[in-house]
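What follows is a single structure, written as structure tokens, with notes after it.
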Amino acid sequence: MFALTCSLSASALAQEGGRGVLPPEATPPSMDDLDAPTTEVEPPGGPAPAITPQDGDSASDLDRLFQELADAPDARSAIPVVARIQRIWMTSGSATVDLLMRRSALAIKGQQLGLALDLADMVVRFAPDYAEGYNRRATIHYLNGDFGAAIKDIERVLALEPRHWGAMSGLGIILRRLDREDEALVTFQEVLRLNPHAQNARKAVEALDKKAEGQGI
């Protein structure tokens, strides 16, 4: 049900357009808004090897890992579980795609967003069923302030990987920036259902709850 609601909300937002939705005095989007890292950003020394799962991790292990994440007693113990889930999500099976992803991360770090977008476009063309490629491109669109395009890519991520809390958090951040706080609250609550140790989502839920109660943020 959440995925359907999220998709409908995202579609409506995307149709409203992306740029120019924030007032001029608003703080520009930045990587500091986001929970997830941009993944490896070290310059590749020659062709990048494919990112391979550790200890037999594979897509079939995700259910077990999500259960381990739910059962983790604290954020520290959740760190290796989160890392293994993200490793599976990052595994493309293609050295070319992995190289493009690494270089797009470098371009983001260097604030070369045009180059980063070109590289992410290549990723989704080469690997149209690779959710992390759309997630990377959504991040770049967000940093460019193109919320409509970011939302379209988030929709694609969640169609391919409905439990992708990083993409879901990105949607929540956009909804919050657009003052659609009720929808943002529901989105961040779903993030916490999937990853109870997502600190940015927890802070957002607490702040939105306080504001809804009339206490102010």
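The values are calculated or read from the model by the stated rules, or taken from the named source; none is laboratory data. Note that this is a predicted model, so its numbers are computed, not measured. Don't worry about glycine lacking a Cβ; one is built from the backbone with ideal geometry, like all the others, and counts go over all protein chains shown.
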The number of residues in the range 194-217 that are under 21 Å from ILE151 (Cβ atoms) and out of contact with any Gly (no Cβ under 8 Å at 6 or more places or on another chain) is 6
(request) Tell me, please, whether a residue that is at pLDDT below 95, of a type in the set (Ser, Thr, Tyr) and out of contact with any Asp or Glu (no Cβ under 8 Å at 6 or more places or on another chain) can be found in the range 60-74. (result) yes
| request: Could you please let me know if ALA159 is out of contact with any Leu (no Cβ under 7 Å at 6 or more places or on another chain), small (Gly, Ala, Ser) and farther than 19 Å from ILE85 by Cβ? | output: no
Contact list, first residue from the range 132-153 and within 17 Å of SER104 (Cα to Cα), second anywhere and among the charged types (D, E, K, R) and surrounded by fewer than 24 Cβ atoms within 10 Å (Cβ to Cβ), beta-carbon distance below 6 Å, six or more apart or interchain, is TYR134/ARG156
If we ask which residues in the range 59-106 are of a type in the set (S, T, N, Q), in a helix (DSSP H, G or I) and surrounded by 13 or more Cβ atoms within 10 Å (Cβ to Cβ), their number turns out to be 4
Across (1) over 16 Å from the mean Cα position of the chain (by Cα); (2) surrounded by 15 or more Cβ atoms within 10 Å (Cβ to Cβ); (3) part of a loop (DSSP other than H, G, I, E, B); (4) not aliphatic (A, V, I, L, M), HIS197 clears everything bar (1)
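Restricting attention to the range 171-184, does a residue exist that is within 17 Å of GLN86 (Cβ to Cβ), modelled with pLDDT of 95 or more and of a type in the set (A, V, I, L, M)?
First pass over the range 171-184, keeping only residues within 17 Å of GLN86 (Cβ to Cβ): none.
No, the conditions are met nowhere in the range 171-184.
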Apart from one, (1) under 17 Å from the mean Cα position of the chain (by Cα); (2) outside any helix (DSSP H, G or I); (3) not β-branched (Val, Ile, Thr) all hold for GLY214; the odd one out is (1)
Within the range 116-147, of all residues that are in contact with a His (Cβ under 8 Å, 6 or more places away or on another chain) and farther than 21 Å from ARG87 by Cα, the one surrounded by the most Cβ atoms within 10 Å (Cβ to Cβ) is PHE147
